[in-house]
Amino acid sequence: MENNVNLSEVGGSGRDGRVLKEDILHYLSRQTGAIIPPSSPSPPLSPPPSPSSTPSSPQSSSPPPPPVVQRFTEDRSVVIKGVQKVMSRTMSASLLVPHFGYSDEVDLSRLVSLRRRLQTHAETRGVKLSYMPFFLKALSLALYEFPILNAHLDDRCESLTYKASHDIGVAMDTPGGLVVPVLRGIERLPLLAIAAELSRLQSRGRAGALGAAELSGGTFTLSNVGSIGGTYTHPVILTPEVAIGALGKIQVLPRFNERGEVVAAHIMKVSWSADHRVLDGATVSRFSNLWKSLLEEPASMILHLA
Ligand code: CO6
């Protein structure tokens, strides 16, 4: 209960398959990517790396060692469970939705310099200010004008519920796999509070400690896969939501300024997917234009301060 572990997913090594404390510890260590203690009852997925390939134990200040590459010398089957099982279930349900995609590029040059200036202010308050809080705040402002994108559609496509609260799921890459914790009521939160909440959820995600309540009830999803790489993608809608956005890597690329000169611009691609049963391309294009304009002229967000 403390760690929100579903006991049916834990193999019991006790008498008659009873789940023991060490089974739970073993299960949690696998969720968090921690090293399984040698006393663990289950065998590892593949043979341990040879001593020559084992990285020496790092000093506390040194960067983490590169991940050990596991080479399989024979076929192995593993049971799909945990985060992967949830992903398989939700993504299969999503494919029943007729998706359409819409993409554009955003010039973040002004945002890059604004964030640089604000970062020190955030740090004095103990908060790490990444780009995500700006992307999320602009998203919330755009959803105010296009509430149909912040809605839930029932299975039979008979009822669309416009959601009052902007509860935004953020795709997160964790040692246990892809999870989507939800930042609730971001329409009411200032940038610093969004940044702090995102950091809190990231730490819980890294520790494999996110509970069902933090992982459900989103009204829209944003995936910043660009923090890893990529440009355009095709994100998959998390039902009952009706749209999702995915962001590519911010790249310095040549672009023309208003005087026709070539300048170095910070360009990010965005890809939206929307449910074509309730949304059309023109609506998503207008919504995307508004989100993009807020990020290209980030000072304009001040106009919307409560
Ligand atoms: N481009 C370039 N650099 C970036 C970007 C982009 N888009 N986004 C963040 N960053 C930088 C960021 O500024 C940090 O650098 P410093 O400021 O110098 O410290 C650095 O990357 C790390 O950022 P961090 O990940 O710590 O924080 P951030 O708030 O930007 O992102 C997060 C939080 C939870 C979104 C992120 O950590 C994460 O997990 N991203 C991966 C999400 C993912 O796996 N998505 C795939 C879902 S499946 O979408 C999908 C359709 C398919 C492809």
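The values are calculated or read from the model by the stated rules, or taken from the named source; none is laboratory data. Quick caveat, the model's predicted, so the values are computed rather than measured. Glycine also receives a Cβ, built like all others from the backbone with ideal geometry; neighbour counts cover every protein chain displayed. Note: areas computed on protein heavy atoms with side chains; ligands, DNA, RNA excluded. Shrake-Rupley method; radii C 1.70, N 1.55, O 1.52, S 1.80 Å.
Over the range 235-298, Cα pairs under 8 Å with separation of 6+ residues give a relative contact order of 31 percent. A crude spin-label estimate for the pair S103 and R277, with each label 7 Å from Cα along the Cβ direction, gives 2.7 nm. Run the quick spin-label model on T161 and A209: label points 7 Å from Cα toward the beta carbon, then report their separation in nm to one decimal. The modelled label-to-label distance comes out at 3.1 nm. Over the chain, the hull volume per residue, using the convex hull of the C-alpha atoms, is 197 Å³. Taken along the Cα-to-beta-carbon direction at a fixed 7 Å, the label points for N6 and R116 span 4.7 nm. For the range 100-250, a Kirkwood hydrodynamic radius built from all Cα pairs, placed in the Stokes-Einstein relation at 20 °C and 1.002 mPa s, yields a translational diffusion coefficient of 132 µm²/s.
Karplus-based coupling profile of the range 81-92, in residue order and whole Hz: 8, x, 4, 5, 5, 4, 4, 5, 5, 5, 5, 5, with θ = phi - 60° in 6.51 cos²θ - 1.76 cosθ + 1.60 and x standing for Gly or Pro. When each of the peptides 84-92, 201-209, 218-226 is scored by the mean number of other C-beta atoms lying within 10 Å of its residues, the order from highest to lowest reads 218-226, 201-209, 84-92.
Surface composition of the chain: carbon plus sulfur atoms hold 57% of the accessible area, using a 1.4 angstrom probe and ignoring ligands, DNA and RNA. Residues with beta-carbon under 9 Å from that of P240, excluding P240: net charge, scoring Lys, Arg +1 and Asp, Glu -1? Charge balance in the 9 Å sphere: -3. In the range 186-275, one over the average inverse separation of all distinct C-alpha pairs is 15.7 Å, which is the Kirkwood hydrodynamic radius. Across the chain, C-alpha contacts under 8 Å between residues 6 or more apart give a mean separation that, scaled by the residue count, equals a relative contact order of 21 percent.
Within the shell of other residues whose beta carbon sits under 13 angstrom from the beta carbon of K249, the net charge comes to 0, with Lys and Arg scored +1 and Asp and Glu -1. In order along the range 208-225, the Karplus-derived 3J(HN,Hα) couplings, from 6.51 cos²θ - 1.76 cosθ + 1.60 at θ = phi - 60°, round to x, 10, 6, x, 4, 5, 7, 10, 9, x, x, 10, 7, 10, 10, 10, 9, 6 Hz, and Gly and Pro are given as x.
Rounded to whole numbers, the Karplus 3J(HN,Hα) couplings from phi for the range 131-144 are 6, 3, x, 5, 4, 6, 5, 4, 4, 4, 4, 6, 5, 4 Hz, using 6.51 cos²θ - 1.76 cosθ + 1.60 with θ = phi - 60°, and x at Gly and Pro.
Among the protein heavy atoms, those of H266 account for about 50 Å² of accessible surface (1.4 Å probe, every chain in place). In this structure T73 has an accessible area near 120 Å², from a 1.4 Å probe over the protein heavy atoms.
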